């Protein structure tokens, strides 16, 4: 059965033994996220908490925290083909399809009945998070000038029955839309879609010059169906589990955060815009979706899955002999590793510059030969240890722009580094790796 929403994705995970359903009561304050973290660290399946204290709504987490689950989400048989499946989708968007109604409109919560922390099981994840945060909601905004839709992830702190604080990274399209509206003294209508077709979740993490719904359509091979908002001029997925409608108010800033971020540290509290919630729609027996900060899911979704295809395309453009690229989630998305079949001295330096331009978050680039497994940190470190001379093979670029959450930076201004850990072509024979007879260990041990 084709995947077209969260429910069909959960069914697919069940069939592949990639979903654990938890019947024991769980508290949304600290406990749910702590269980999810321990489960993820133990390489356990995705989790569906079915007995959340104080709520009748189950909570899903750790859904796309491994490449295996992402391959299931995209209905791909081979895990190794995930990136090659995603890459051409960027150049072949599929336009959205408007429909008159959908399951998300089965239930309405009008403004006067909204108390968001009571309506929805929004967790408090980490011990020093400043309250409940919506972390897996896809924020849908519309350009006030062109009408183009944009999807993005923005942490949102629950601050009152109908009030959310929203953090908007300065480089996001949503920030551009909000600036345009605010300059006119107007609020910006948004919809916060929770519990989606995973193709939409994956697409929402990308930055493209068209609606990310069209990228999701390309990943699915068919249009994403949208419905109109009830109180906002924004369209959203007809098959979403829950959608919160609201508007980002102009000229208002209030303290927001801290919140556990992808860096493994708490995000600094700043004065951020405020969302006024105007309406909530949801399916019958809805499922809430969350992501705990700094999880593999957070890192893969936010820093890897949509950025590796861009990195691969740029790297291949510079050097057709590039074999593979990787943005390791264990480096918070700040490292990029590229393997290549080196044929020309100096071209590896060009690859470093290409990688640094692929996304502002990338801070350190490592180039290795194709005999190094870029998915094995030990092998990459071995290459750095045995194939690098600091005075010749390391490039240092001060004063570059990175991510403001990098605590070593000056509000985002950082030093970027490139490491050429490839063999010198003139001495390639001296760098032949030790080889061994291939044996079947089970026959002996």
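The values are calculated or read from the model by the stated rules, or taken from the named source; none is laboratory data. Keep in mind it's a predicted model, so treat the numbers as computed, not measured. Quick reminder, even Gly has a Cβ in these numbers, built from the backbone with ideal geometry, and neighbours come from all protein chains shown.
For this structure, a couple of remarks:
- Number of residues in the range 181-191 that are surrounded by fewer than 24 Cβ atoms within 10 Å (Cβ to Cβ) and within 16 Å of residue 140 (Cβ to Cβ) equals 3.
- From the list 255, 223, the one residue that fits, being part of a strand (DSSP E or B), surrounded by fewer than 18 Cβ atoms within 10 Å (Cβ to Cβ) and assigned by TED's automatic domain parsing to the domain that holds residue 146, is 255.
- Taking the conditions (1) farther than 28 Å from residue 256 by Cα; (2) under 19 Å from the mean Cα position of the chain (by Cα) in turn, residue 134 satisfies each one other than (1).
- Subset of the range 1-46 [farther than 26 Å from residue 261 by Cβ and part of a loop (DSSP other than H, G, I, E, B)]: 1, 2, 3, 4, 5, 16, 17, 18, 23, 24, 25
- Any hit, the range 49-63, residues being in a helix (DSSP H, G or I) and either in contact with a strand residue (DSSP E or B) (Cβ under 8 Å, 6 or more places away or on another chain) or in contact (Cβ under 8 Å) with a residue 40 or more places away in the chain (or both): no
- Unmet requirement for residue 327, which otherwise passes all of (1) in contact (Cβ under 8 Å) with a residue 40 or more places away in the chain; (2) in contact with a strand residue (DSSP E or B) (Cβ under 8 Å, 6 or more places away or on another chain); (3) surrounded by 20 or more Cβ atoms within 10 Å (Cβ to Cβ): (1)
- Test: residue in the range 400-407 that is assigned to a strand (DSSP E or B) and either within 21 Å of residue 308 (Cα to Cα) or modelled with pLDDT under 95 (or both): yes
- Residue 196 being within 14 Å of the chain's Cα centre (by Cα) and assigned by TED's automatic domain parsing to the domain that holds residue 233: yes
- Evaluation of residue 247 against (1) in contact (Cβ under 8 Å) with a residue 24 or more places away in the chain; (2) assigned to a loop (DSSP other than H, G, I, E, B); (3) surrounded by fewer than 23 Cβ atoms within 10 Å (Cβ to Cβ) (one fails), failing number: (2)
- Taken as a whole, the condition of being over 18 Å from residue 337 (Cβ atoms) and surrounded by 17 or more Cβ atoms within 10 Å (Cβ to Cβ) applies to residue 405.
- Residue within the range 410-432 that is under 23 Å from the mean Cα position of the chain (by Cα) and in contact (Cβ under 8 Å) with a residue 60 or more places away in the chain present: yes
- Unmet requirement for residue 67, which otherwise passes all of (1) out of contact with any helix residue (DSSP H, G or I) (no Cβ under 9 Å at 6 or more places or on another chain); (2) surrounded by fewer than 21 Cβ atoms within 10 Å (Cβ to Cβ): (1)
- When 395, 419 are checked against the criterion of being within 24 Å of residue 83 (Cβ to Cβ) and modelled with pLDDT of 95 or more, 419 stands alone in meeting it.
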